[in-house]
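So the structure is just underneath, and the comments pick up after that.
Every read-out reported here was derived from the displayed coordinates using simple, explicitly stated rules and does not represent laboratory data. Since we're looking at a predicted model, the values are computed, not measured. Here the Cβ positions follow ideal geometry from the backbone for every residue, glycine too, while neighbour counts run over all protein chains shown.
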Amino acid sequence: MGESVNRKSRSFLSPKHLPDASGHFGPYGGRFVPETLVPALMELDREYAKARREKSFRRELAFLLREFVGRPTPLYFAERLTRELGGPKIYLKREDLCHTGAHKINNTIGQALLARRMGKRRVIAETGAGQHGVATAAVAARFGLACDVYMGTEDMSRQALNVFRMRLLGARVVPVDIGSRTLKDAISEAMRDWTANVRTTHYILGSVLGPHPYPMMVRDFQKVIGIEARRQILKAEGRLPDLLVACVGGGSNAMGLFFPFLRDRSVKMIGVEAGGLGIKTGKHAARFAAGRIGAFQGTMTVLLQDREGQVKVTHSVSAGLDYSAVGPEHAYYRDARRIEYTSVTDSDALEAFQLLSQTEGIMPALESAHAVAQIRKLAPRLPRKSVVIVNLSGRGDKDVQQAAEILEGKNAR
Amino acid sequence: MSRIQAAFERLKREGRPAFIPYVMAGDPDLSTTRQIVLALARGGADLVELGVPFSDPLADGPVIQRAAARALESGTTIAGIFRLVRDLRRETQVPIVLMTYYNPVLQHGLDRTVRDARRSGVDGFIIPDLTPEEAGPWRKTLRGTGIDFICLAAPTTPPDRLKTLGRVSSGFLYYVSLTGVTGASLADESELRRQVGRVRRAVSLPVAVGFGIKSAQQAAQVGAFADGVIVGSALVSRIESAGRNKAAASAGRFARAVSSNLRASR
């Protein structure tokens, strides 16, 4: 086997030690929340630490991931896409085949188990694209928990199908009509609800964001993606991949795929942010292109803000990437130069959305289409013998109507 | 002794609780805020809390969210608020505390914030999303300046943590009366009395109670057992409905009502 693991890796390549006990990834992470929430976060931290050590918890989680979520998801060799792009061998990690249509459920199922352990009978969540909301609503139904999902009204209109799915699953969708009416405002409202109902409610945060222990815990629940992919690629190719590509909103699908490869120094990783209408227009969500460190929604991280520290409104065709901040662990690995970050525009993503549909018969979510767009750009410059894994974090069914409006509107002009 | 400590010492001698009104700086603009603060001071405010607007105020309910949006709309910055306080200091010595989320302070710069606070006459800071665990750099910057860092404690705060908050906090401790955001409904009075008793036994600082106090009557009820009473959303919502020209007069009337009720509360 050509697997090469460098055991004398530098300290930043020893992810087991991150975050530190107080939830910091170097200068990032931590816990910047109202005092009311601190005891709940401490309880969650303790309960999670206890649960992850227990065999019975791990067994139940593994059972649910297999029987309810449908794991392991395939690592699919995209033969026609590979030929079309004329570059490296491209594999797709098929998180789009998870129950409810995206990787989000890997995390919600874990957190629902924790909520049950802590005796909390109600869960709340925020959602942008609606995928995390649907995944939360599904596990709430599965465990008989009351469920409220906060969603910006702007996102509700562009993801109407997911709103209906959540309601069908028995959740209440709470419209958030403040600020930019997108994901960041939904998170603020969910945190306010949690502050008011913290004794009876667990907040199922959907990405590697927010106060400690969320970035660590969500990463841990999502790293099953990378653990499987690593095993699958070793089986298929007899060696590690050369490159991993994933889209980054908060960054949970990317961290889930990347994390188990961090110590494999030969494996390059690229996180793809939403370039919106282009970085120069200011209408984008490329935090690493135009952001600075700041404290926002519970964590210290890189965010899009003005000189005064007011958080900027973002733009992306993809609701799931349309967020002003990025997970703190991503900021850490960017500084450490372990993960590279770039962005692709709305129109790049829409082209990739069609390309994958037409070459492979797979409709990616607009979020995941950003990752496909990036490999499309890179492929001609990469050697044919190299091996790439693209994380197909979700399926595109939810985006069909929006894509139709944009694409057919364009054709009509 | 800081201006805040001196105020609480004096109130203790007089045997009455502090009246601490909160207004959002720059709502609807900074020159109106100047008039409002002066009206509050004349109306009997013992300390004034000035909100620094932030785009994403996690701990605030709809009333203060709207006030922040109006303040940002009028172009309010933390630098402008320091200039406002410097101007106010020519006319009033009422202790002034800034209530701000951490990010505006961080972006203004910790050193620069403290320097500007000293020069302008700001007496303390309340930073609702800065817990003692994360406050190391900020407290280091404050050391030796005489500017107070006022921590918040909540109904969910366990006893050992109350002690920590009591040690880290200076000037007074801000007790959040309810599990929720600003402007929500106040908890049951006897339960609140019990809670405040628990906090006062755990810390040696004066304990001021805020969040959810809506009227002069409620202020008096809470003032019977707390060292200070903070009234925010109720005042901000009066300012909102009074409009620019009548805001200061309306704030002054409300302050006189609360403050005379508080004087009669003990």
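Some points to look at:
- Scanning chain A for DSSP H helices at least 27 Å long along the axis (C-alpha atoms) with a Kyte-Doolittle mean no lower than 1.6 picks out nothing.
- Global size of chain B as Cα Rg and Dmax, reported in angstrom: 16.7, 48
- Label point 7 Å beyond Cα of A:SER56 along Cβ direction - residues of region A:131-150 with amide nitrogen under 19 Å: A:143
- Mean Cα-pair separation over length for region A:118-201, i.e. relative contact order, pairs under 8 Å, 6 or more apart, %: 36 percent
- Close amide H contacts of A:ARG31 (hydrogens built in the peptide plane, cut-off under 5 Å, sequence separation of 5 or more or a different chain): A:HIS212.
- Gain on full extension, evaluated as 0.36 nm per residue between A:ARG263 and A:SER157 minus their Cα-Cα distance, stands at 34.0 nm.
- Stokes-Einstein diffusion for region A:185-274 at 20 °C, viscosity 1.002 mPa s, with a Kirkwood radius from C-alpha pairs, works out to 147 µm²/s.
- Cβ-derived FRET efficiency at R0 35 Å, A:ASP306 paired with A:LYS385, nearest 0.05: 0.15
- Rounded to 5, the percent of DSSP beta bridges in chain A classed as antiparallel: 35 percent
- A:CYS147 long-range amide H proximity, modeled H, under 5 Å: A:VAL123, A:ARG172
- 3J(HN,Hα) from dihedral phi, region B:159-175, Karplus parametrisation 6.51/-1.76/1.60, rounded to Hz, x for glycine, proline: x, 5, 6, 4, 4, 4, 4, x, 6, 6, 6, 9, x, 7, 10, 9, 9
- Residues with amide H under 5 Å from that of A:TYR341, placed H, sequence gap 5 or more: A:GLY271
- Measuring gaps between exposed loop sites in chain A (GluC sites (Glu not before Pro); DSSP loop; at most 12 other Cβ atoms within 10 Å), the longest gap, sites not included, is A:55-413.
- Taking the Cα centre of region A:194-263 as reference, the dipole from Cβ charges on Lys and Arg (+1) and Asp and Glu (-1) amounts to some 160 debye.
- Global geometry of region A:130-174, whether rounded, prolate or oblate, following the gyration tensor of its Cα atoms and the 1.5 cut on a/c: prolate
- Here the residues B:PHE211, B:PHE149, ranked from fewest to most Cβ neighbours within 10 Å of their Cβ, fall in the order B:PHE149, B:PHE211.
- Square roots of five times the Cα gyration tensor eigenvalues for the protein assembly as shown, Å: 48, 25, 23
- Dividing the convex hull volume of the alpha-carbon atoms in region B:214-266 by its residue count gives 59 Å³ per residue.
- In terms of other Cβ atoms within 10 Å, B:THR32, B:THR76, A:THR281, A:THR136 run from fewest to most in the order A:THR281, B:THR32, B:THR76, A:THR136.
- Cβ-Cβ FRET estimate between B:ARG83 and A:SER357, R0 fixed at 51 Å, reported to 0.05: 0.35
- DSSP-defined antiparallel bridges as percent of all bridges, region A:48-153, nearest 5: 35 percent
- For region A:86-164, the fraction of alpha-carbon pairs lying more than 17 Å apart is 50 percent, rounded to a whole number.
- Expected 222 nm ellipticity per residue - DSSP helices of 4 or more, -39500 (n - 2.57), all of chain B, to 500: -15000 deg cm²/dmol
- Charge dipole (Cα centre; +1 on Lys/Arg Cβ, -1 on Asp/Glu Cβ; no other charges) of chain B amounts to roughly 880 debye.
- Loop-located trypsin sites (Lys or Arg not before Pro) in region A:152-212, at most 15 other Cβ atoms within 10 Å (DSSP): A:ARG199
- In a reduced charge model with +1 at each Lys and Arg Cβ and -1 at each Asp and Glu Cβ, the protein assembly as shown shows a dipole moment near 1540 debye about its Cα centre.
- Each residue of region B:113-128 was assigned a 3J(HN,Hα) from its phi angle through the Karplus expression (A = 6.51, B = -1.76, C = 1.60, θ = phi - 60°), giving 4, 5, 4, 5, 5, 5, 5, 8, x, 7, 9, x, 10, 10, 10, x Hz with x at Gly and Pro.
- Sorted by Cβ density within 10 Å, fewest first, the residues A:TYR28, A:TYR48: A:TYR48, A:TYR28
- With the simple spin-label model, which puts each label point 7 Å out from Cα in the Cβ direction, the B:LYS163 to B:ALA6 separation comes to 3.4 nm.
- Using θ = phi - 60° in the Karplus curve 6.51 cos²θ - 1.76 cosθ + 1.60, the 3J(HN,Hα) couplings for region B:33-48 round to 4, 4, 4, 5, 4, 5, 5, 5, 4, 5, x, x, 5, 8, 9, 10 Hz; x is entered for Gly and Pro.
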